[in-house]
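Notes to accompany the following structure.
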Amino acid sequence: MPELKRLHSSHAPAVLAFELANRAYFAASVSDRGDDYFDRFADRYDALLAEQEAGVCAFHVLVAEDGSVLGRFNLVDFEDHAAELGYRVAQHVTGRGVATATVQELCRRAATRYGLRVLRAASSHQNVASRRVLTKAGFIPVGPAGPAHLGGKSGTWYQCDLERRPS
């Protein structure tokens, strides 16, 4: 059974393997991270861990029984009991409810572990699967998301009031 875990330094090799294996798949719906991301992965990973340690973000990985990463689920920019949700799942597990179940679990954790009350997430108009995940997890559309935030694509901001969300 896959387990949602808070990001740790020991996850770095599996996260890199996940990103490399799914790079083309992700680039079809979100902007590509670029070669520099992979060339400087260790530095960027350490920076994420430092942000997490500072308490301004919480990064998570969905880990399979074999230790491979099936998805990344992040809460970023904590401010005034709110944060932004971002996630990506491996191509081979899409369409199985993995993203929806994990986003729902992260919503519970956001409220209970991090004291958050509101989560926001942006999804491009082309990313139908992501919009479906957000809706199933209790997010509602609240306005347009511009190309600057979605890697050149237009989309919609979604919001979830964690205090009113069914548990």
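Quick notes on this one:
- Residue match in segment 31-54 (condition: in contact with a strand residue (DSSP E or B) (Cβ under 9 Å, 6 or more places away or on another chain), part of a loop (DSSP other than H, G, I, E, B) and modelled with pLDDT under 95): no
- Residues (without any contact (Cβ under 8 Å) to a residue 40 or more places away in the chain and assigned to a loop (DSSP other than H, G, I, E, B)) located in segment 155-167: R164, P166
- Residue match in segment 145-162 (condition: more than 25 Å from A12 (Cα to Cα) and β-branched (V, I, T)): yes
- Meets criteria (within 25 Å of A148 (Cα to Cα), among the polar types (S, T, N, Q), in contact (Cβ under 8 Å) with a residue 40 or more places away in the chain and surrounded by fewer than 15 Cβ atoms within 10 Å (Cβ to Cβ)) for S31: yes
- Among residues of segment 119-138, those that are over 15 Å from the mean Cα position of the chain (by Cα) and under 15 Å from H81 (Cα atoms), counted: 0
- Selected residue (only one of A111, A83, A101 is modelled with pLDDT of 95 or more and touching a Ser or Thr at 6+ places or on another chain (Cβ under 9 Å)): A111
- Candidates in segment 131-164 are the residues that are of a type in the set (K, R) and touching a helix residue (DSSP H, G or I) at 6+ places or on another chain (Cβ under 9 Å); of these, the one that is nearest to R109 (Cα to Cα) is K136.
- Test: residue in segment 39-46 that is of a type outside the set (G, A, S), under 25 Å from A148 (Cα atoms), surrounded by 11 or more Cβ atoms within 10 Å (Cβ to Cβ) and without any contact (Cβ under 8 Å) to a residue 24 or more places away in the chain: yes
- All positions within segment 3-30 that are within 16 Å of the chain's Cα centre (by Cα) and assigned to a loop (DSSP other than H, G, I, E, B): L7, H8, N22, S29, V30
- Among (1) in contact with a Cys (Cβ under 7 Å, 6 or more places away or on another chain); (2) within 21 Å of R23 (Cα to Cα); (3) not basic (K, R) - the single one Q91 does not satisfy: (1)
The values are calculated or read from the model by the stated rules, or taken from the named source; none is laboratory data. Since the structure is predicted, the reported quantities are computational estimates derived from the model, not experimental observations. Neighbour counts are summed over all protein chains in view; Cβ atoms, including those assigned to glycine, are modelled from backbone coordinates with ideal geometry.
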